[in-house]
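Asks: My questions will all concern the structure given below.
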Amino acid sequence: MDELLKAIAKHPNGTKLIIEWKNGCTVIGEIDTIYETYNDLDFDDPNYEEYYACVFLVTDIIGHSDEKEHFSKGVLIEVSMQNPPLRVHLKDGTIIWEQS
């Protein structure tokens, strides 16, 4: 498990987090579950990769990205190192993970 998911996994399902991406998108939501998945390539493909991800329920949007992909309230998103956020913190502002 990578450092991002280790940091998230320290908190129980339902924990409220604020997640920020470099593109300006910032969301508030809740940890739903953490699971192991893969990048949709065939097992024998040299680029096949297994990784951990967090299903995250978006409950509010603080900042929108300048790109065309936007999240909506009530959607489930995948948080992982496949598209790593810039920063993850608790509602009280405590940073639990940040890109180095």
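Asks: Over all alpha-carbon pairs of the range 25-71, lay out the pair-distance distribution in 10 Å bins, whole %, shortest bin first.
Replies: Reading upward from the zero bin: 23, 30, 34, 12, 0.
Asks: Further, regarding this structure: Going from the alpha-carbon gyration tensor of the range 54-100, what semi-axes, largest first and in whole Å, does one get by taking the root of 5 times each eigenvalue?
Replies: 18, 14, 12
Asks: Moving on. Search the structure for amide H atoms under 5 Å from the amide H of residue 32, placed 1.01 Å from N in the peptide plane, and list their residues when 5 or more places away or on another chain.
Replies: Amide H neighbours of residue 32: 14, 55, 56, 57.
Asks: Of the heavy-atom accessible surface of the range 18-100 (probe 1.4 angstrom), what whole percent is carbon and sulfur?
Replies: Details: 2330 of 5120 Å².
Using a 1.4 Å probe with all protein chains present, the range 18-100 comes out at 45 percent carbon and sulfur.
Asks: When P(r) over Cα pairs in 10 Å bins from 0, in percent is calculated directly from the model, which label among (i) 13, 40, 33, 12, 2; (ii) 15, 48, 29, 7, 0; (iii) 14, 32, 25, 17, 9, 2 fits?
Replies: (ii)
Asks: Give me the accessible area per residue for the chain, probe 1.4 Å, as a whole number in Å². Before the final figure, lay out the partial values.
Replies: Details: 6080 Å² over 100 residues.
Per-residue value: 61 Å².
The values are calculated or read from the model by the stated rules, or taken from the named source; none is laboratory data. Remember, it's a predicted structure, so these values are computed and weren't measured experimentally. SASA here: full protein model, heavy atoms, side chains in, ligands and nucleic acids out. Shrake-Rupley method; radii C 1.70, N 1.55, O 1.52, S 1.80 Å.
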